[in-house]
Structure formats: C-alpha cells, structure tokens
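The values are calculated or read from the model by the stated rules, or taken from the named source; none is laboratory data. The shown structure was predicted, so the numbers you read here are calculated from the model rather than taken from an experiment. Counting neighbours? That spans all protein chains shown, and the Cβs are built from the backbone with ideal geometry, glycine included.
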Amino acid sequence: MLKKTPEKTSKDTQAEQLNAVLMSFIHDIKNSLLVSLSGLDSLYDAVDNLLPEQKNSFNQIQYELRRINNSLIQLLSLYKMETQLFSIQADQYNCYDFLDELIISNKPLNKQTSFSFKLDCDQDIEWFFDRDLIATIINSTINNSIRYTHSEIILTAKINDNNFLEICIEDDGDGFPEKMFTHPENLETVINMKSGSTGLGLYFAEKIANIHQNGEKEGTIFIDNQSQIGGGRFTLFLP
C-alpha cells in the first residue's frame, strides 16, 4: 500500500517563511559588507601618515569583514543546497590566473603585515569548476591562514597521479588543532563557540568539493599539519 506524503503543517510553512526571510537578510548584509570593504580599501589608500596602531586597526577591521562575508556566502550556499535552489555553474579556467587573482584580491590584508604570498602553479593548467564556489573556499582558507601564519602562505596547484586537480594552501603557523581532524560531516564535534571554531568552513568546503563530479569521481578536501613550511595544510581535490 502506498504511503501518503505527510501534509505540511502551519508550523512547517511558518518555518519555511522564516528561513526565506533570514536568508534574504543575510544576502542584504553580505552586499553591505562588500560595499564596506570597498570603501575601507579606498579610505586606506587615501589616508597618509597613519600611526602603526591605526594601520593595524584598519587591517583587523578588513580581516573581520572579509571573514564575516565569507561565512555569509557559505551559509547562503548551504541553504540553497538544502532547499534544492542550488546548481553548479562549472566552466573551464586557467588555474594560474585564477589563483593569482585570489592572491591579488587578498593583498590589501598584507599591506602592513610581515607575511608573504607564494604561488606555485603551472601556467598551462586548465580545469573545469564553479569559479565562485571554489573562490569562496580558497578565500576562506587564505583568510584563516592569515590569522595564524607567522611569515608565509603558499598556494600550489597541480594535476596529481589520479588525474585530480590538487590545490593546496599552506602556512607556517602552529598547524590545525587535533580536534579538527574529523570528517567535516561530523560538524558537532568541531563546534566550539568559546574559541570561535564553528567548523562551517570545512563543512562548506567538503560539500562544495563533493558536488564537483566527473563520472564516478567526486571532489573532496583534506587537512593535515604536513605543510612544507611547518604549519597547517589544506588540500582541495577536484576531478
């Protein structure tokens, strides 16, 4: 006997409406943050003779705004995935140009700090992926590395032996804490509101990597503390 599909209750409808309103607010806040970031960059360039502590304040505000913006983008994407409003928009991109643009976009964070960026990628590598989604993953990872690195962040990209595009972000900080070495789907084991670690970045990265598929292959992520410069290493694999 066929089972009847449960009808929506008024509470279900109200919850859906509330979710839609919340997502609309998040979208508006995200757009406002982008305008604020652009204005902050212009203001920084226009102001001369800032004291060191004032420059540090600019950098800290910029860092926090970027971090909030990345988190909002992740939340919006996850919501769309859960409500079937999401579709991947993959196209072919030159990996060197793509990563170089991301480094340039994060350069303002590097104006008054002692660390440097290094890019190691063959300029001829071309690959299919959703540019905006992968950029969000890498920007979020760079933003996190900026918080913990001592002097250097390295971005590398290559085609590995299993014919995956392998993108690594490495730093020379203190590495990932042990609690982070859990599968991103086990999100509740990573959440720590006191330390500010919600695990959202890893959870989002895993979900986005998974929807990049080629035949039976699907993307994934991996983190470890085997960075070539002694800190944490985040690796994204795209089929």
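Tabulated data for the structure shown
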| item | result |
| --- | --- |
| Test: residue in the range 61-69 that is part of a helix (DSSP H, G or I), polar (S, T, N, Q), modelled with pLDDT under 85 and surrounded by 18 or more Cβ atoms within 10 Å (Cβ to Cβ) | yes |
| Yes/no for Leu202 being modelled with pLDDT of 85 or more, of a type outside the set (Asp, Glu), surrounded by 21 or more Cβ atoms within 10 Å (Cβ to Cβ) and in a strand (DSSP E or B) | no |
| Complete set of residues in the range 71-96 that are more than 14 Å from Thr136 (Cα to Cα) and assigned to a helix (DSSP H, G or I) | Tyr79, Lys80, Met81, Glu82, Cys95, Tyr96 |
| Cβ pairs under 9 Å, 6+ apart, first in the range 115-142 and closer than 13 Å to Glu101 by Cβ and free of Cβ contacts under 8 Å to residues at least 24 places away in the same chain, second among the acidic types (Asp, Glu) and surrounded by fewer than 18 Cβ atoms within 10 Å (Cβ to Cβ) | none |
| Tally of residues being under 16 Å from Ile154 (Cα atoms) and either at pLDDT 95 or above or in a helix (DSSP H, G or I) (or both) across the range 101-117 | 8 |
| Test for Ser77: is it touching a residue at least 12 places away in the same chain (Cβ under 8 Å) and not assigned by TED's automatic domain parsing to the domain that holds Gly219 | yes |
| Subset of the range 135-179 that is hydroxyl-bearing (Ser, Thr, Tyr) and in a helix (DSSP H, G or I) - its residue that is farthest from Asn214 (Cα to Cα) | Tyr148 |
| Leading residue by the ranking (modelled with the highest pLDDT) among those in the range 141-153 that are in contact with a Phe, Trp or Tyr (Cβ under 8 Å, 6 or more places away or on another chain) and aliphatic (A, V, I, L, M) | Ile153 |
| Residue match in the range 99-117 (condition: touching a Cys at 6+ places or on another chain (Cβ under 6 Å) and not hydrophobic (A, V, I, L, M, F, W, C)) | no |
| Flag if Asn56 is at pLDDT below 75 and either within 17 Å of the chain's Cα centre (by Cα) or surrounded by fewer than 18 Cβ atoms within 10 Å (Cβ to Cβ) (or both) | yes |
